[in-house]
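Shown next, in C-alpha cells, is the structure this report addresses.
The values are calculated or read from the model by the stated rules, or taken from the named source; none is laboratory data. Since the structure is predicted, the reported quantities are computational estimates derived from the model, not experimental observations. Note: ideal-geometry Cβ built from the backbone for every residue, glycine included; neighbour counts use all protein chains shown. Remember, those area values only see protein heavy atoms, side chains included, never the ligands or the DNA or RNA. Shrake-Rupley method; radii C 1.70, N 1.55, O 1.52, S 1.80 Å.
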Amino acid sequence: MGPTQKPNVCRRLSRRALGFFSRDAGVVQRTNLGILRALVCQESTKFKNVWTTHSKSPIAYERGRIYFDNYRCCVSSVASEPRKLYEMPKCSKSEKIEDALLWECPVGEMLPNPSDYKSSLIALTAHNWLLRISAATGEVLEKIYLASYCKFRYLSWDTPQEVIAVKSAQNKGSALARQAGIQQSVLLYLAVFRVLPFSLIGILEINKKIFGNVTDATLSHGILIVMYSSGLVRLYSFEAITEQFMQQELDLGCACRWGGTTGTVGEAPFGIPCNIKITDTPPLLFEVSSLENAFQIGGHPWHYIITPNKKKQRGVFHICALKDNSLAKNGIQEMECCSLESDWIYFHPDASGRIIHVGPNQVKVLKLSEIENNSAQHQISEDFVILANREKNKNENLPTVTASGRVVKKSFNLLDDDPEQETFKIVDYEDELDLLSVVAVTQIDAEGKAHLDFHCNEYGTLLKSIPLVESWDVTYSHEVYFDRDLVLHIEQKPSRVFSCYVYQMVCDPGEEEETINRSYKKDGDNIKF
C-alpha cells in the first residue's frame, strides 16, 4: 500500500455541507475538530501574540475565559481580541473568591431552571459562602453558607462535573490551646455536594482519634484518600463511610434542629452542621507507602505509580498492579539524568492507559500491555520518545595547551537541565485535537527563549512549533495552556506581579495574499478572512 493520503479540508467541508454526517452528531463534531487540527498544524498557520496584560493578583484560565482580581473580572479569549465579559462589584477582603471550578451542563439531564443549562462558575469565598455564578454575566445564581466552625479554603472535583468536595484549612488549634497542651481532635473537614441542582451529601470530619496524625486528606472518584507525614497513603470508601456514620440526612433550604439550635440548612448564620462523624476505624481499601505521598492510579487494568519511600530513591518510579501489588515487568522506571529539577511521571489523560514520563531532555510515552502467554501479568514498554533538540557541547573534553606547551585535557559534563541547552518544562494534552503540547526553553545570552511544540499523540511526530515572543525566566513560575486555536502563557514574577500573554491562530498574510491572487483574478475583489 502507498502512503496514506492527507485529508483535504475543502473536501471535508463539502461533505459536511451535503449532510454526509447528519445521522451522528458525534461524527460531525469529530470531523470539525479534525478540520481544525489540520488548520492548526499546517505550515502557513501562525500564532500571533494579540494581547498582553499584567496584574497584581493571580490570573486564572478556564475554557476560553481569563479571570482576574480573584475571579471578579472575566475576559473572553475567544474573540479576535480579548474582550471583557463582566466585572463583579468590588467587595471586601472577607468576601473575595478564594477558589473556583467551572461547571458545564451535563448532556441528557433535566434541570429545573433554564439558566442551569449554561456554564457556571462554582466559587468559594473567604467568608465560607459557596456561590454559583453565571459564567457569561457574573450574576450570582445560588449561594450556600457552609459553616462558622471552620475555614473552608479549597475546591476540587470528586467526580468531574457531578460531585464537588470543599476542603477546610487544617485545624492546628489556637496558640493559647497549644500552650495549654490542649490537643485538637478534628484536623479538617470535607463538605461534599452534588451539583446542579445543588444537593448536600454531607460534611465529614477527619478526626485525629480515628485516623492519627494526618497531614492531608481529599476525595477522588468516591475514594477518601488520607495521607501521613511518614509517606503512608490510605484509601477508604466514602460511600461506605456515609452509610455507616451519617448521623442525620440534611437538605439545603430546609429547617433543621441540631445541638439545641434551630435554623435553615445552608443559610447564615446556621450553615451546615457536620453530619458525618466517624466513631470507629472504617474498612481499609488499600494502603501504600511512597516518598512525599506521591501516589497515582490509572491504566488498564488498574495500576498505580509510587516512588519508594527513601530519599535516595527520588526519581525512581515503581508501576504496580492494584489488585495484588505485583511489580509490572520493566515496571521500575528511572530516567538517567543529572539535573537540578527532578523528572516527573503520570498516567496519560487521554484514557489510553499509557504513561508519560518527562525529563529535562526527553519525553517518554510508555504503554502497559499483557505479557504474551501470561494475561495475569503486564509489562511496560516504550510507545515513543520525544527528544530535545541539542547539539553536543563543543567545549567538552577539548585539550588545553599551557604556556609551557604541555597539553591538558579537561573533562566535564553539563547538567541535563543546563539553561543553555533546550530543556522541556511543560507537557500537556489537548484532548479535542488529540495533540501533545510540549514547552521547550533555551537560554540565549541573558534571556531565555521558549517555543511550544505540537506532537501527534499517537506516534509522537512533531507537527508544529510556535515561538513565544516574550522572554522566559526559568526562575519564575509559568503556566501554558493550548486550547483549540488559542495559546495562553501566564507568568508569575517576583513581588506577586502576574503577566498574561494571549496568542491566537492566524493565517500567514503572505501565504494568504498568494492564495487569493492565484484563486481569484477579478479586479475589485475585497476578500477578508
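For the residues D416, D453, D428, the requirement of being acidic (D, E) and modelled with pLDDT under 95 singles out D416.
When K167, K143 are checked against the criterion of being over 18 Å from P269 (Cα atoms) and open to solvent by 20 Å² or more (accessible area, probe 1.4 Å), a single residue qualifies: K167.
For the range 302-312, taking the residues that are touching a Leu at 6+ places or on another chain (Cβ under 7 Å) and within 18 Å of K364 (Cβ to Cβ), the one that is surrounded by the most Cβ atoms within 10 Å (Cβ to Cβ) is identified as H303.
A quick yes/no check of all residues on (1) among the charged types (D, E, K, R); (2) surrounded by 15 or more Cβ atoms within 10 Å (Cβ to Cβ):
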| position | (1), (2) |
| --- | --- |
| W51 | no, yes |
| P58 | no, no |
| R63 | yes, no |
| V78 | no, yes |
| L111 | no, no |
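State whether the residues of the range 367-381 include one that is surrounded by 16 or more Cβ atoms within 10 Å (Cβ to Cβ), within 15 Å of S437 (Cα to Cα) and touching a residue at least 60 places away in the same chain (Cβ under 8 Å). Within the range 367-381, none of the residues are surrounded by 16 or more Cβ atoms within 10 Å (Cβ to Cβ), within 15 Å of S437 (Cα to Cα) and touching a residue at least 60 places away in the same chain (Cβ under 8 Å). Using the structure shown, decide if A255 is among the aliphatic types (A, V, I, L, M), surrounded by fewer than 17 Cβ atoms within 10 Å (Cβ to Cβ) and over 30 Å from H348 (Cα atoms). Criteria met by A255.
T515: open to solvent by 20 Å² or more (accessible area, probe 1.4 Å), at pLDDT 95 or above and not aliphatic (A, V, I, L, M), yes or no? Against the criterion (open to solvent by 20 Å² or more (accessible area, probe 1.4 Å), at pLDDT 95 or above and not aliphatic (A, V, I, L, M)), T515 does not qualify. Checking each residue of the range 349-356 against the condition of being surrounded by 14 or more Cβ atoms within 10 Å (Cβ to Cβ), touching a strand residue (DSSP E or B) at 6+ places or on another chain (Cβ under 6 Å) and over 22 Å from D431 (Cα atoms) gives no match. Please work out if L366 is aliphatic (A, V, I, L, M), under 23 Å from S290 (Cβ atoms) and part of a loop (DSSP other than H, G, I, E, B). Here the answer is no, as L366 does not meet what is asked.
Quick grid of which residues meet (1) open to solvent by 10 Å² or more (accessible area, probe 1.4 Å); (2) at pLDDT below 95; (3) assigned to a strand (DSSP E or B):
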site: L204; (1), (2), (3): no, no, yes
site: K209; (1), (2), (3): yes, yes, no
site: M227; (1), (2), (3): yes, no, yes
site: V233; (1), (2), (3): no, no, yes
site: T242; (1), (2), (3): yes, no, no
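Given the options E341, E334, name the one that is charged (D, E, K, R), open to solvent by 60 Å² or more (accessible area, probe 1.4 Å) and touching a residue at least 40 places away in the same chain (Cβ under 8 Å). Just one listed residue meets the conditions, E341. So, in the range 262-296, exactly how many residues are open to solvent by 40 Å² or more (accessible area, probe 1.4 Å), more than 22 Å from the chain's Cα centre (by Cα), of a type in the set (A, V, I, L, M) and under 26 Å from G222 (Cα atoms)? Residues flagged as open to solvent by 40 Å² or more (accessible area, probe 1.4 Å), more than 22 Å from the chain's Cα centre (by Cα), of a type in the set (A, V, I, L, M) and under 26 Å from G222 (Cα atoms) within the range 262-296 amount to 2. Among residues of the range 56-74 that are under 17 Å from E95 (Cα atoms) and among the acidic types (D, E), those with a beta-carbon under 8 Å from a residue that is part of a strand (DSSP E or B) and open to solvent by less than 50 Å² (accessible area, probe 1.4 Å) at least six positions away or on a different chain give the pairs D69/S55.
On the given criteria, is T215 outside any loop (DSSP other than H, G, I, E, B) and open to solvent by 60 Å² or more (accessible area, probe 1.4 Å)? It is false that T215 is outside any loop (DSSP other than H, G, I, E, B) and open to solvent by 60 Å² or more (accessible area, probe 1.4 Å). Across the range 39-79, the qualifying residues are those that are outside any loop (DSSP other than H, G, I, E, B) and of a type in the set (F, W, Y), and the one among them that is farthest from L463 (Cα to Cα) is F68.
Set side by side, the residues G315, G299 differ, and just one is at pLDDT below 95, closer than 26 Å to S369 by Cα, touching a Ser or Thr at 6+ places or on another chain (Cβ under 6 Å) and open to solvent by less than 30 Å² (accessible area, probe 1.4 Å), which is G315.
Among the criteria (1) modelled with pLDDT of 95 or more; (2) not in a strand (DSSP E or B), the one L340 does not fulfil is (1).
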